[in-house]
Every structure is written in C-alpha cells, then in structure tokens.
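First up is the structure itself, then whatever we jot down about it.
The values are calculated or read from the model by the stated rules, or taken from the named source; none is laboratory data. The structure presented is a predicted model; accordingly, all values stated were derived computationally and were not measured. Backbone-built Cβ (ideal geometry, glycine too); neighbour counts: all protein chains shown.
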Amino acid sequence: MAIPVQPVEVIRVGTHSLVIKPDLVVSEEPLEIRIGHGAADNRQQFSVSVTMRTPGNDEALCLGFLFTEGIINSMEEVISVKYCEDLGRTEGMENLMRAELKQSVEISKEQFKRNFYTTSSCGVCGKASIDSIKVTCSPLSREAIQVKKEVLFGLPDKLRTAQDVFKHTGGLHAAGLFDVAGKLIDHHEDVGRHNALDKLIGSGLIAGTLPFYKSVLVLSGRISFELVQKALRASIQVIAAVGAPSSLAINLAEEFGMTLVGFLKEDRFNIYTGKERVIL
C-alpha cells in the first residue's frame, strides 16, 4: 500500500541560514461513513460521521467507529463495508464508505440526533453532551493482567519504530497493541488519535481477535475521555500513553476499573488508576 504522504516545498530557516527544499507531509482527507439498514424491501441510508483522517485502512476505521460508538456489536451484524457510489459521481468515492447492516440490526433514529462530525484533533467535538457520548460498556474481564514496569518503559520506542508514516512526516498519532511481555501485536497511524484507535479496533473486528482484554494499549499522545470509552468497548484493561490523561478520562477509567498510565518515558511514568495491574 502506498504511504499516504504529500510532497511539498518548505523554507527551512535556521539562525544563520535559509534553505528551500522538498519535504513530505501526511495526507489528510475527509471520510464520510454511511450505513444501510432495514428490511430488504425498505432499505434506508444514514450518514453517521464525517471524520478527517489519513487515507488507508478505511474499512477498519469504518468498522471500528461503528463498534466503538455502539452501533454494531460484532461482525455478525455486518453484510459488507465498501466505498460507495453516489449519484453517478466518480471523483471522491474513496472518501465515502457505506456499511450494509443485516436486517436484524435495529437502528434507533435517536442515535442519529447526535452530531458525529469529528476533526483530526478531537473525536468528541460537536457532540451534544457527556451523556450522549458515554456508550454502554461491559465490565472488564475478571482475568486481570499484569505488566512489569520495565516492559512499560520500552513500549513508546517500540511503537515509534513501527510507525512507517511517522518516519517520513513526523505528523501522526499512533495506537499500538502489545502483549504483557512487550511484543507488538498490531498498530495503526492517523492524523486523528481517535481514528488510529478505531482502525486498530476495526482491524481486530475483521481478524476476529476482539476482545483485547489480554493486551496493553499504547497511545502516542494524550488520553482523552473518548479514547478510554473506545478502549473499554474493546475490553482493554491497560492504557499507557506518552501524554497526560484528562480528568474525565481518569474518572471513566476509575469507574470501570481500568489502568491508566500517563507521561510514559523510558525511565518513568505516572499511574492514575488501576495500580494493581502494574508490577513495580
């Protein structure tokens, strides 16, 4: 698959120098997610989200979004996910995806009163209230995992090494899934931190590896409320991030008994909730 980057010309300014040279920046384009549902003789279509994302792994992004938002609960509810045609248009079709859901999937119009417009920086923007974004999540597994502090210290570098697009542009977030021994299971990159996680979870749906209850999630940025919500939907017990968690993220993690580790560096980190899962 081609690396989603765009060539540009930059003026590189130093203290005593000025150089014009070519560079690469990460691609960012809108993706509209639509769903088709209903009886065979009365199929209906809804546009549920427009998100600014890095092109690539769009099927996983679409499925991950629908799953983490509680619209679907498994691949058994999905007939197909593909780029759709729209009124004879030929351009921009790679930015429109339609998920066909089985007739048995009940869709309430109340679900679509929410504003699902998201930006690359924040997945919660535009949603009406905290209550409207709190998706019902199942309790975490009673089979609690534990991870050594020495393993956690090494995870950011392992994730950074795996980031192919970041190596070219430096402008991407990443979400990586590791086992408790520190082995990288899967990872995805995107300009949006919530998109990177949706792609990771969507890939798990496609591969049949969900739930992720035995894995550690590593994030390249901060931990927001929505990222905790998405991780809970995937039954993830531990989130470790190089950035800080928000107060709402901490509150939600504490409510569900999740472990949150922030400011993760090669020699230190903070534990905000769930200290019992970290072997100190």
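List pairs: first in region 218-232 and within 11 Å of Gly262 (Cβ to Cβ), second of a type in the set (Lys, Arg) and modelled with pLDDT under 95, Cβ under 8 Å, 6+ apart or cross-chain?
Note: pairs meeting the criteria are Leu219/Arg193; Gly221/Arg193; Arg222/Arg193.
Just to be sure I understand the filter: pairs with C-beta atoms under 7 Å, separated by 6 or more residues or on different chains, first member in region 58-71 and touching a residue at least 12 places away in the same chain (Cβ under 8 Å) and farther than 18 Å from Glu106 by Cβ, second member acidic (Asp, Glu) and surrounded by 22 or more Cβ atoms within 10 Å (Cβ to Cβ). Which pairs pass?
Leu61/Asp198; Gly64/Asp198; Phe65/Asp198; Thr68/Asp198
Kindly provide the set of residues from region 185-205 that are crowded, with 24+ Cβ neighbours inside 10 Å and among the charged types (D, E, K, R), ordered by number.
Passing the criteria: Glu189, Asp190, Arg193, Asp198, Lys199.
Of (1) assigned to a helix (DSSP H, G or I); (2) among the aliphatic types (A, V, I, L, M); (3) modelled with pLDDT of 90 or more, Val165 satisfies all except one. Which?
Failing condition for Val165: (3).
Would a scan of region 16-23 turn up a residue that is surrounded by 15 or more Cβ atoms within 10 Å (Cβ to Cβ) and either assigned to a loop (DSSP other than H, G, I, E, B) or β-branched (Val, Ile, Thr) (or both)?
no
Restricting to region 25-49, and then to whatever is surrounded by fewer than 17 Cβ atoms within 10 Å (Cβ to Cβ) and aliphatic (A, V, I, L, M), can you tell me which residue is nearest to Lys199 (Cα to Cα)?
Across region 25-49, the extreme among qualifying residues is Val25.
When region 20-48 is examined, which residues are found to be at pLDDT below 85 and closer than 25 Å to Gln103 by Cβ?
The one that is at pLDDT below 85 and closer than 25 Å to Gln103 by Cβ: Phe46.
Would region 220-230 turn up any residue that is closer than 25 Å to Pro30 by Cβ, among the hydrophobic types (A, V, I, L, M, F, W, C) and not assigned by TED's automatic domain parsing to the domain that holds Ile33?
For region 220-230, residues closer than 25 Å to Pro30 by Cβ, among the hydrophobic types (A, V, I, L, M, F, W, C) and not assigned by TED's automatic domain parsing to the domain that holds Ile33: present.
Can you tell me which of (1) assigned to a loop (DSSP other than H, G, I, E, B); (2) at pLDDT 90 or above is the one Ser120 doesn't meet?
(2)
Between Gly208, Gly243, Gly182, which is touching a residue at least 12 places away in the same chain (Cβ under 8 Å), closer than 20 Å to Ala144 by Cβ, of a type outside the set (A, V, I, L, M, F, W, C) and surrounded by fewer than 24 Cβ atoms within 10 Å (Cβ to Cβ)?
Gly182
Name the one entry in Leu264, Leu217 that is modelled with pLDDT of 95 or more, assigned by TED's automatic domain parsing to the domain that holds Phe153 and assigned to a loop (DSSP other than H, G, I, E, B).
Leu264
Out of all the residues in region 169-198, which are under 15 Å from Ala234 (Cα atoms) and assigned to a loop (DSSP other than H, G, I, E, B)?
Of everything in region 169-198, just one residue is under 15 Å from Ala234 (Cα atoms) and assigned to a loop (DSSP other than H, G, I, E, B), namely Asp179.
Out of curiosity, is Ala231 surrounded by 18 or more Cβ atoms within 10 Å (Cβ to Cβ), among the small types (Gly, Ala, Ser), in a helix (DSSP H, G or I) and at pLDDT below 95?
Answer is no for this residue.
Determine if region 211-227 includes at least one residue that is among the polar types (S, T, N, Q), buried (at least 18 other Cβ atoms within 10 Å of the Cβ) and in contact with a helix residue (DSSP H, G or I) (Cβ under 8 Å, 6 or more places away or on another chain).
For region 211-227, residues among the polar types (S, T, N, Q), buried (at least 18 other Cβ atoms within 10 Å of the Cβ) and in contact with a helix residue (DSSP H, G or I) (Cβ under 8 Å, 6 or more places away or on another chain): present.
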